[in-house]
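Scroll down for the structure; my scribbles are underneath it.
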Amino acid sequence: MLRHVFTTVTNPRYRPTALRVALCVGSVLFVINHGHALVTGQMTFGRWLSAALTYCVPYGVSLHGQWRGDRAQCTAQGDRALHTVNGDRTRDLES
């Protein structure tokens, strides 16, 4: 399973969409959660750490959604045992 996580996170097909989602959704969440602290100069180390995670979560959710979409498409095509990772056909250990 960890191999699938690593290959999904490093998949160059998923990265552009995941980055756009993280930037858009993360920025909205940042403003909601930390906007006042930023404007009033109250950003502590803990808040900056939380702000970084604010961008990581939508990035991860986007990666997961894209991976699940690819997996569902393979299933719909009758190719349940295989899916594409980084352009290579590999066995899906989670089937």
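The values are calculated or read from the model by the stated rules, or taken from the named source; none is laboratory data. The shown structure was predicted, so the numbers you read here are calculated from the model rather than taken from an experiment. FYI the Cβ positions are ideal-geometry reconstructions off the backbone, even for glycines, and counts take in every protein chain you see.
Only one of (1) at pLDDT below 95; (2) part of a helix (DSSP H, G or I) fails for TYR55. Which number is that?
Of (1) at pLDDT below 95; (2) part of a helix (DSSP H, G or I), only one is false for TYR55: (1).
Give the range 18-55 a look and list any residue that's β-branched (Val, Ile, Thr) and surrounded by 14 or more Cβ atoms within 10 Å (Cβ to Cβ), or say none. Explain how you work it out, then say what you get.
First pass over the range 18-55, keeping only residues β-branched (Val, Ile, Thr): 21, 25, 28, 31-32, 39-40, 44, 54.
Within the range 18-55, VAL21, VAL25, THR54 qualify.
If the Cβ limit is 7 Å and pairs must be 6+ apart or interchain, which residue in the range 1-29 that is more than 9 Å from TYR55 (Cα to Cα) pairs with which residue that is of a type in the set (A, V, I, L, M)?
Listed pairs, sorted by first residue: MET1/LEU93; HIS4/LEU93; THR7/VAL85; THR8/LEU63; VAL9/LEU63; ASN11/VAL85; TYR14/LEU63; ALA18/LEU63.
Is it the case that THR75 is surrounded by 16 or more Cβ atoms within 10 Å (Cβ to Cβ) and assigned to a helix (DSSP H, G or I)? Please lay out each step first, then the result.
Values: surrounded by 16 or more Cβ atoms within 10 Å (Cβ to Cβ): no; assigned to a helix (DSSP H, G or I): yes.
For THR75, the condition - surrounded by 16 or more Cβ atoms within 10 Å (Cβ to Cβ) and assigned to a helix (DSSP H, G or I) - is not met.
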